[in-house]
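Data first, discussion second: the structure below is written as structure tokens.
Computed from the coordinates by the stated procedures, all read-outs in this text should not be read as laboratory data. Since the model is a prediction, treat every value here as computed from it, not as a measurement. For neighbour counting, all protein chains shown are included, and Cβ atoms are generated from backbone atoms with ideal geometry for every residue, glycine included.
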Amino acid sequence: MSCFALVPAAGSGARMGATTPKQYLDLLGKPLIWHTLRALSAVPEITRVCVVISAGDEWWNSYDWSAFERLQVLRCGGATRAESVLNGLRAADVADADWALVHDAARPCLDPQLVSAMIVRLQHDAVGGILAVPVADTLKRAGMGERIARTEARDGLWQAQTPQMFRRGELIHAIAEFIGPDITDEASALEKQGKAPQLVMGSPWNLKVTWPQDLQLAALILQGAKNG
Ligand code: C5P
């Protein structure tokens with residue numbers, strides 16, 4: 001059994017409102033994805049880190065990635081996250097039985113120890129699993145005119161994070177079979193096959209940079225982690 005990371009990084013990050021794709025926005029003097037790759041490279045169980053960028057990516061080559069020895073760059077990004085993941089899984093030079101840890105480029109504050117604990121917990125599991133956190137806020141369903149239609153029960157609801165850890169061959173089959181608008185993460189493809197991936201407790205620090213203010217939050221989290 002060996003583990004590799006697959007980092008989809010072929011999105012445009014339209015919600016950030018910047019012309020530079022989100023993964024290359026400046027975060028503490030480095031492109032955002034640099035921090036993500038550093039975290040994954042610090043996980044001893046991960047033998048290779050595969051990054052999926054789009055074929056026309058003009059940014060990647062302008063940075064120095066020499067600090068990351070186990071990096072493989074795959075220029076095969078697709079039109080959606082699921083397509084990028086599927087293309088990357090197929091292109092990666094790994095075995096079908098290997099565990100793929102798919103992790104968003106846009107989650108730079110990942111704690112390597114959390115990933116090691118996840119691997120220990122899931123490495124003998126029949127299906128695999130994901131990092132996630134229980135929903136903390138009360139959930140409202142919007143009705144007409146941005147008025148509340150009702151309150152949704154939050155019991156048993158979790159917010160999915162990444163990494164999401166599945167065997168490479170099984171994940172390829174699941175995504176290829178069910179790819180479409182419903183497949184917003186890897187687990188959802190496995191769920192469509194009737195499988196029940198494990199929920200592994202993640203961390204609120206593992207935020208996905210989506211909106212402009214998230215960059216500031218990410219900087220604070222990374223600085224906090226550095227200062228102990
Ligand atoms: O846009 P969002 O934050 O949901 O994207 C999650 C991750 O998927 C990001 O790391 C982004 O670069 C990646 N992605 C991709 N290919 C796409 C769209 C998104 O690799 N076509």
Within segment 72-111, the residues that are among the basic types (Lys, Arg) and over 16 Å from residue 36 (Cα atoms) are 75, 81, 90
Please work out which residue is farthest from residue 76 (Cα to Cα), limiting yourself to segment 9-38 and to residues that are exposed (fewer than 14 other Cβ atoms within 10 Å of the Cβ) and more than 10 Å from the ligand (Cβ to nearest atom). 29
Residues (under 13 Å from residue 11 (Cβ atoms), within 15 Å of the chain's Cα centre (by Cα) and not polar (S, T, N, Q)) located in segment 43-87: 51, 52, 53, 77, 81, 82, 83, 85
Which residue, of 110, 114, 71, 89, is touching a Ser or Thr at 6+ places or on another chain (Cβ under 8 Å), within 25 Å of residue 202 (Cα to Cα) and within 14 Å of the ligand (Cβ to nearest atom)? 110
Residue 156: away from the ligand (no atom under 16 Å from the Cβ) and either farther than 20 Å from residue 2 by Cβ or in contact (Cβ under 8 Å) with a residue 60 or more places away in the chain (or both), yes or no? yes
Determine which single condition residue 62 fails, assuming it passes every other condition in (1) without any contact (Cβ under 8 Å) to a residue 12 or more places away in the chain; (2) touching a helix residue (DSSP H, G or I) at 6+ places or on another chain (Cβ under 7 Å). (2)
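Pick from segment 129-167 the residues that are in a strand (DSSP E or B) and of a type in the set (Lys, Arg): which of them is nearest to residue 198 (Cα to Cα)?
Taking segment 129-167 and keeping what is in a strand (DSSP E or B), we get 129-134, 139-142, 148-152, 158-167.
With of a type in the set (Lys, Arg) added as a condition, the list becomes 140-141, 150, 167.
Details: 140: 26, 141: 27, 150: 30, 167: 13 Å.
Here the answer is 167.
What's the total number of residues in segment 184-203 that are more than 14 Å from the chain's Cα centre (by Cα), touching a residue at least 12 places away in the same chain (Cβ under 8 Å) and outside any strand (DSSP E or B)? Spell out how you get there, then give the answer.
From segment 184-203, those more than 14 Å from the chain's Cα centre (by Cα) are 189-201; that's our starting set.
Pick out the ones that are also touching a residue at least 12 places away in the same chain (Cβ under 8 Å) and you get 189-190, 192-193, 195-201.
Applying the additional criterion that residues be outside any strand (DSSP E or B) yields 189-190, 192-193, 195-197.
So the count comes out to 7.
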